[in-house]
1. Can you tell me which residue in the range A:257-271 is surrounded by the most Cβ atoms within 10 Å (Cβ to Cβ), limited to those that are farther than 13 Å from residue A:363 by Cβ and at pLDDT below 90?
2. In the range B:1-29, how many are facing chain A (nearest Cβ under 9 Å) and farther than 18 Å from residue A:35 by Cβ?
3. Here are A:100, A:133, A:122: which of them is crowded, with 17+ Cβ neighbours inside 10 Å, out of contact with any strand residue (DSSP E or B) (no Cβ under 7 Å at 6 or more places or on another chain) and not acidic (Asp, Glu)?
4. Scan the range A:353-363 and tell me whether some residue there is exposed (fewer than 14 other Cβ atoms within 10 Å of the Cβ) and of a type in the set (Asp, Glu).
5. What residue, of A:53, A:29, is more than 9 Å from chain B (Cβ to nearest Cβ), touching a helix residue (DSSP H, G or I) at 6+ places or on another chain (Cβ under 6 Å) and not charged (D, E, K, R)?
6. Which residues, counting only those in the range A:339-366, are among the small types (Gly, Ala, Ser) and modelled with pLDDT of 90 or more?
Amino acid sequence: MFPAAAVAIIAAHGWFERDHEHSSEYAVLIVFAAAGMSVMVSATSLVSLYVGLELQSLAAYVLASYRRTDERSAEAGLKYFVLGALASGILLYGISLLYGFTGTMSFNGIAAAFARGAPSLGLLFGLVFVLAGLAFKASAVPFHMWTPDVYEGAPTPVTMFFGTAPKAAAVLLATRLCIEGLGPATDAWRQIVIFAALASIFLGAVAAYGQTNIKRLLAYSSINNVGFAMVGLAAAGPKGASSVLFYMAVYIVMTLGAFLCVLWMRDAEGRPVESIASLSGLSQTRPAFAAAIAIFMFSLAGIPPLFGFWPKLVVFTAAVNAGYTALAVAGILGTVVGAYYYLKIVKVMYMDEPAEPYAKPNQPLQGLLILLAALLVSPLGYLLIGPLGSLTDKAAGSLF
Amino acid sequence: MTRFAAILPEMILALGGTVLMMLAAFTGRRGSTLISKLAGVAALRRMPGPNSTG
């Protein structure tokens, strides 16, 4: 999460500088959002959960409308704020119900209350409302409706940030709450998580088909990927939690790489370009750039031997080991359906006639970051399975 | 002291953000490069702490 925040700051500097609209608030807002995410993922009570979530969200609302003179950016900020406020209200209502029926805000206390026997209707309502609020922040279906519009309207470096760090923070917070606070009620929340996982995987895959804007397409890709992470969460247990962490770690690198490539897309006059059609024939005009985008697309699609395949295998294995083979099979089907729109981009770059060439970028640091991300998601990434796996196992083990 | 150590990473980020915000207010657009670099360092320097915020 924190390297993603740092990359969002570094990459944005060159991007905004080009349009002479860079000011210091951007970096400061990212730092505040990072502080909020830090509180979120280490929360052990509903109060710190809410404070962290709001600290992160308030900075994010401002970031979405960072380009004050751009109508789309202002619209994105407003939409995000209004829908985010609604989600916060739902979350708060859920928190108040959980507190009212358990008399405690701490995750351990709530877990003890759930362990006392069959949970009351009020507790179950509280659980559903809290999960609904978190699903909004993670943009899981059916609370995903804000994602494509906000991702498209917000400045690209902000979209890159939204697509990585806050999303990972929301998924990790949901994992922590479900395992630590709602552990004894696993059977109750698992149904909700399975529904959200399958709905996110299939809606994310199907809705991305008709997109012509690459940021909207990556928004649906992020919805789709949250679904895969939730398959790991549905597995529960130490292996399930570890698979979620593993998935999100690799997802962040793949998505950062894809968005760094989008940041490089500028027409001959230096204006940002976002249409998929503008990638036409890129392999002939900029072969290295096209290869980098292809690596990220293949990896996001989960096609071996790229590293994006491995986290999908990890979450599906966790689901099978927990006895949810049908869920894993449905997830694999979703991967096949979703592969189509990633491959469509590769087809446009490699098989279509060249469009107007992009301007030559003058951002060596950003180029280096793209190269690094491409290496990490290439088959070389398999070298990280051991160290990353032991880190995620250790982190997941602390929840039990 | 242990309790304080648990929230140290969040404290560093929050205080770092506040200092950077004040710096940004005083330097305006001129300081954007410096503040971006410092903010990047602050985000990367976030040390992993004990897993509790309380």
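1. The selected residue is A:267.
2. 4
3. Details: A:100 fails: crowded, with 17+ Cβ neighbours inside 10 Å; A:122 fails: crowded, with 17+ Cβ neighbours inside 10 Å.
The match here is A:133.
4. Yes; the residues of the range A:353-363 include at least one that is exposed (fewer than 14 other Cβ atoms within 10 Å of the Cβ) and of a type in the set (Asp, Glu).
5. None of the others qualify; the one that does is A:53.
6. First pass over the range A:339-366, keeping only residues among the small types (Gly, Ala, Ser): A:339, A:355, A:359.
The one that is among the small types (Gly, Ala, Ser) and modelled with pLDDT of 90 or more: A:339.
Residue-wise test of (1) touching a Cys at 6+ places or on another chain (Cβ under 6 Å); (2) within 12 Å of another protein chain (Cβ to nearest Cβ); (3) within 30 Å of residue A:369 (Cβ to Cβ).
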| position | (1), (2), (3) |
| --- | --- |
| A:1 | no, yes, yes |
| A:4 | no, yes, yes |
| A:14 | no, yes, yes |
| A:38 | no, yes, yes |
| A:59 | no, yes, yes |
| A:76 | no, no, yes |
| A:86 | no, no, no |
| A:93 | no, no, no |
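Each row is one residue, and each column tells you yes or no for (1) more than 16 Å from residue A:4 (Cα to Cα); (2) within 13 Å of the chain's Cα centre (by Cα); (3) crowded, with 23+ Cβ neighbours inside 10 Å.
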position	(1), (2), (3)
A:139	yes, yes, yes
A:142	yes, no, no
A:151	yes, yes, yes
A:154	yes, no, yes
A:165	no, yes, yes
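The values are calculated or read from the model by the stated rules, or taken from the named source; none is laboratory data. If you're wondering where the values come from, they're calculated on a predicted model, not measured in any experiment. Note that we place each Cβ from the backbone using ideal geometry, even for glycine, and neighbour counts take in every protein chain shown.
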